[in-house]
Structures are given as structure tokens and as C-alpha cells.
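Undergrad: Can you read through this structure? Questions will come right after.
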Amino acid sequence: MMKVFGATDVIQSIYVTTNQPNVIVNIGNNATLRCSYRTHVQSTFTLEWRFRPGPSEDADAEKILYYTGGTVYKLGPLAKRIKLIDQDPTKGDASIFLENTKSSDTGTYSCDINNPPDFVGPSEAFINLIVQVPPSRPKCQVIGKAYIGNNVTLSCSSAVGRPAPQYKWSEVKSATITSSPRIIEKGVDSKKGTLFLKNLTMEESGVYRCVSSNVLGEQSCQLVLTVTVNNEVGVIIGSIFGVLMALLLIAIVTYYLLHQRKKQSKDSYPGHELREDTVAPGKESFSNLLGSSAHNQETRSNSMNSKFNIIV
């Protein structure tokens, strides 16, 4: 389709497409990104390839290849591994070849044709490249304290892996035995790699193994779970018991000291009690006088009786 623009310019249609919008390749292999177009090539023809890393659409696209006037310019970290399949892309094939793919090559690639005065129609095609990577060796760890009655989570995670690894947990009899493990299904999140153990008992002590796998392979890790009595509770109870015993001892000593002080105070003060044979103050001299007078009268009486006896 052609349209007249001004007196001499002609606006023509352009059509850029790809027959492989999604490309999957294993890490280390080569990838071909297809791009073809239809247009009437002019001297102003340019081809530009751009790359936006990762799955995020918010990332900025960077220019990796540019062709104009018969010259190819390669840019960025992919410059040494990227090339045009047809060294003359003005013939309708603008595909590129990416060697020795890496995990970081995963992302969206765009093929953009600019050929004034061809402005009508799709001038850009997009290809999603996924570089598959086997899972890395996962890391196993226990989240929580493995005390009797507690809940813990066994965690397993691979830092690298595409497609995202799936996780399986199993229990083995010992660290040296790897055959015929008991596969655990209850409490397992195969996507997150977690195993949830509730209300622990001593019987759940043992060796646990996690396998991380995807279409390219698998890796594993294992850990030893030892369920014990909560020593922290025992320490707290012991501390409380010790404090109570100390307070009880202080109370006993205080009571004993107060009792002894009261007893000593009572023994050192005689009080106001009078004995039956004790003469009241002030009465002793009067009693002596009475006794002396009575004695004198008795003496005189005896003397007089003696005299009368003599006269008779």
C-alpha cells in the first residue's frame, strides 16, 4: 500500500515480524532470534536490536546492535557473542545469533526496522528468550528452636535455577544412609522448599534431606534435627525457685533475730513484782521497832515474874 505525501514523497507500508516469539535454550547453548520484514529498502534504512533483561517490563531496554549504511555496530556486554545471521540485513532477514548463552541473557529482545518513508504498519517485533539453568546446591536450615512441643520450619532454597526448582523433603535413618529415604508430603511446600513440623516430639529427631530439581537436573542438602527439652524453661524455673528460697531464708533469719531481741529485752528488765517475803520499802524499820518493843516487854515481864517467885 502506498500513499502520496507532499509533491514528491511516497509513504509506504512496513511489516516486521518473528515466527518464534518465545525461545527456550539451555545455558551454554546457542540461541537464534528470528526477525523478518517486508519493506522497500531505502538509503535511510536502519536496523536496531535492543535487550531488556529479566522478566520485569519496567527495566530499561539497552541497544545491543545497530546497522546503518552497510556497517554493523555491536554494543554492551553481548557485543562479543552476538552477530547477524545475514551480514546484509537489507534483504528481508534481520535475525541474530547469540553464542554461549548465560543466565543473564534471559529477557526480551526487540528487532526494530526504521526505513523512511515507510511509516505505516508494525516496525518492531519482540522475542522472549529464556535460558534454562539447573538448580544450584540448596541451603538447608532450621527456622525455630527444636524443643519438645515447639513448631519449627525446615527451609531449603537454591539461589539459582530456571525454571524455578521444585523441592522434596525426605527423612533418612542416618547421615551416611542415602538409599530408600522416607518421602515426606505432609507440611511440605514444594515451591517454597519448606517443611513445617508441628508440636515436636523426640521421635522426630533425625536426618532430613531436601532435593531441589528442575528439567536440567537436581541438587540436594541435608540437616540433622535434634529435638531436646527446653533448657531455657528449666533455667527460668530454677532461677525463680532460687529467688523464692532466698526470700524464705531471709524471712526465717529476720524472724529469729527479732525473737532473740525481744527475749533479751525481757530478761534484762526485772519489772514491779513483789515477793511474798519481801518487805515493802519504808516498812522495814517500823517492823524492827515493833519487834524490838515486843522483845523488851517480854524481858520485863519475865523479870517481874522472877521477882515474884523469889518473894513467895
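The values are calculated or read from the model by the stated rules, or taken from the named source; none is laboratory data. Bear in mind the structure is a predicted one, so any value in this text is a computation, not a measurement. For neighbour counting, all protein chains shown are included, and Cβ atoms are generated from backbone atoms with ideal geometry for every residue, glycine included. These area figures cover heavy atoms from the full protein model, side chains too; ligands, DNA and RNA do not enter into them. Shrake-Rupley method; radii C 1.70, N 1.55, O 1.52, S 1.80 Å.
Undergrad: Just the residues that are in a loop (DSSP other than H, G, I, E, B) and basic (Lys, Arg), please, taken from region 21-45.
TA: Quick first cut of region 21-45, residues in a loop (DSSP other than H, G, I, E, B) only: 21, 27-30, 34-35, 39-45.
If the condition is that a residue be in a loop (DSSP other than H, G, I, E, B) and basic (Lys, Arg), then Arg34 is the only one that fits.
Undergrad: While we're on this one: Given the conditions (1) modelled with pLDDT of 95 or more; (2) outside any strand (DSSP E or B), and given that Ala175 satisfies all but one, which numbered condition is not satisfied?
TA: (1)
Undergrad: Follow-up. Please give the number of the condition Leu154 fails out of (1) at pLDDT 95 or above; (2) of a type in the set (A, V, I, L, M); (3) over 27 Å from Val215 (Cβ atoms).
TA: Evaluating Leu154 over (1) at pLDDT 95 or above; (2) of a type in the set (A, V, I, L, M); (3) over 27 Å from Val215 (Cβ atoms) leaves (3) as the failure.
Undergrad: Among the residues of region 49-74, write down those that are part of a strand (DSSP E or B) and either open to solvent by 30 Å² or more (accessible area, probe 1.4 Å) or small (Gly, Ala, Ser) (or both).
TA: To start, the set of residues in region 49-74 that are part of a strand (DSSP E or B) comprises 49-53, 62-68, 71-74.
Scanning region 49-74 gives Arg50, Arg52, Pro53, Glu62, Lys63, Tyr66, Thr68, Thr71, Val72, Tyr73, Lys74.
Undergrad: Looking at this structure, is Asp118 closer than 27 Å to Ser13 by Cβ and in contact with a His (Cβ under 8 Å, 6 or more places away or on another chain)?
TA: Values: closer than 27 Å to Ser13 by Cβ: yes; in contact with a His (Cβ under 8 Å, 6 or more places away or on another chain): yes.
Spelling it out, Asp118 is indeed closer than 27 Å to Ser13 by Cβ and in contact with a His (Cβ under 8 Å, 6 or more places away or on another chain).
Undergrad: Give region 178-189 a look and list any residue that's open to solvent by 50 Å² or more (accessible area, probe 1.4 Å) and either aliphatic (A, V, I, L, M) or at pLDDT below 95 (or both), or say none. Full working, then the answer.
TA: The initial filter retains those residues of region 178-189 that are open to solvent by 50 Å² or more (accessible area, probe 1.4 Å), namely 178-180, 182-183, 185-186, 189.
Scanning region 178-189 gives Thr178, Ser179, Ser180, Arg182, Ile183, Glu185, Lys186.
Undergrad: Now for a separate question. Taking only pairs six or more apart or across chains, which ones have beta-carbon atoms under 9 Å, a first residue in region 45-66 that is of a type in the set (S, T, N, Q), and a second residue that is not in a strand (DSSP E or B)?
TA: That search, which allows pairs on different chains as well, returns Thr46/Gly69.
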